[in-house]
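Let me begin by presenting the structure, written as structure tokens, before commenting on it.
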Amino acid sequence: MSTQALIQSGGEKRPKEKIKFLSKRKTTAERWLEGECSGWSNGCTKNSECCSNNCDGTNCELW
């Protein structure tokens, strides 16, 4: 692609929303250390409560 084509099309810009979303994502370890998720064998009612993202309906399952 030529420089002129880049200027005419406005360049190659990424959406700011996507950049913000990706930069705020935490690792499983960070979520666990900050108490945002439950470790293995702790009580849960939905997958998002578990660090493993795997709830059997009563307890978080190991990965």
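Within segment 34-53, track down each residue that is among the hydrophobic types (A, V, I, L, M, F, W, C) and out of contact with any Lys or Arg (no Cβ under 8 Å at 6 or more places or on another chain).
Within segment 34-53, Trp40, Cys44, Cys50 meet the criteria.
For segment 39-63, which positions are surrounded by 13 or more Cβ atoms within 10 Å (Cβ to Cβ) and modelled with pLDDT under 90?
Trp40
Just name the residue that is nearest to Cys51 (Cα to Cα) out of those in segment 17-34 that are exposed (fewer than 10 other Cβ atoms within 10 Å of the Cβ) and modelled with pLDDT under 70.
Once the filter is applied, the top-ranked residue is Lys24.
The values are calculated or read from the model by the stated rules, or taken from the named source; none is laboratory data. From a predicted model like this one, the values you see are computed outputs, not experimental measurements. Don't worry about glycine lacking a Cβ; one is built from the backbone with ideal geometry, like all the others, and counts go over all protein chains shown.
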